[in-house]
Amino acid sequence: MNTTDTITFWDGVYAARPAVTDPRPNDRLTETVTGLPPGEALDLGCGDGGDALWLARRGWHVTAVDISAVAVGRLTGLVRSRGLQAQVAALRHDLHDAFPQGRFDLICAHYLHTPFELDRATVLRAAADALRPGGRLLVVDHGSTAPWSWNQDPDARYPTPRQVAAGLDLDPATWTIERADTPRRIATGPGGRTAEVTDHVLLIRRTT
Ligand SMILES: C[S@@+](CC[C@H](N)C(=O)[O-])C[C@H]1O[C@@H](n2cnc3c(N)ncnc32)[C@H](O)[C@@H]1O
């Protein structure tokens, strides 16, 4: 598979469903960030942009990247319509090619799963390196398959948060794991359908 296939796939995922006019933030983001002072954030694989918009409304400056031009175009429209251009930069970016420039107080990667080649450990390790001292990396992965997921592979295996952390090979003198657990929640999918799903949550803080 090459980059064209990846773009075609993800553009197709977004184009196949109507644009979300008011995308919701992810629960793990809101529970993690509420109470933190705003700073500079990077959202990896931002999708509809619910997280970026929520952060911006709370004073964060957000760089939101995604490989899908459809997703980025829709988010750019929402940013404009809400007058948040000074706070959100939505960029088409392939994390397989390079990591975005900059240093950040918060980097989040929610459900950054793809059927195409993406060395997640390299991406997430670069994210840990791109944190400012005191900054946090929030990685939220699927721990189960929602009935409406694009991925209905019955053999899908989801690494635990501790396994994800081990793959980053972080020096404990510089990074500390603040959270590594597997909470459940009721998720809402297309058409308002609901199901209980498991999240794999990893929160890392850069201490120096
Ligand atoms: C399962 S969706 C999650 C979207 C969003 N974070 C959320 O919580 O709803 C995964 C996202 O990663 C993006 N993505 C996949 N591969 C990528 C890559 N190589 N570089 C950047 N984004 C990528 C997809 O376009 C998609 O928006």
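Where a number appears in this text, it was derived from the coordinates with a stated rule and is not lab data. All figures in this text were calculated on a predicted structure; none of them were measured in a lab. All Cβ positions, glycine included, derive from the backbone under ideal geometry; neighbour counts span all protein chains shown.
For the chain, give the magnitude of the charge dipole about the Cα centre (Cβ charges: +1 Lys/Arg, -1 Asp/Glu; no others), in debye to the nearest 20.
680 debye
What distance in nm separates the simple spin-label points at GLN152 and ALA173, each placed 7 Å from Cα in the Cβ direction?
5.2 nm
With θ set to phi - 60°, apply the Karplus curve 6.51 cos²θ - 1.76 cosθ + 1.60 along the range 11-23 and write out the HN-Hα couplings as whole Hz, x wherever there is a Gly or Pro.
With the stated coefficients, the range 11-23 comes to 4, x, 4, 6, 5, 6, 10, x, 4, 7, 7, 9, x Hz.
Where does the chain land at 222 nm, in deg cm²/dmol rounded to the nearest 500, when only DSSP H runs of n ≥ 4 count, each adding -39500 (n - 2.57), divided by all residues?
Estimated from H runs of four or more residues: -8500 deg cm²/dmol.
Between THR182 and ARG17, what length in nm is gained on full extension when 0.36 nm per residue of separation is reduced by their alpha carbon distance?
56.5 nm
To the nearest 20 debye, what charge dipole does the range 120-208 have about its Cα centre, counting +1 at the Cβ of each Lys and Arg and -1 at the Cβ of each Asp and Glu?
That gives the range 120-208 a dipole magnitude of about 260 debye.
Which residue, chosen from LEU29, ILE204, ALA166, occupies the Cα position most advanced towards the positive end of the dipole of the chain, where the dipole is computed from +1 (Lys, Arg) and -1 (Asp, Glu) charges on Cβ about the Cα centre?
Checking the options against the dipole of the chain, the answer is LEU29.
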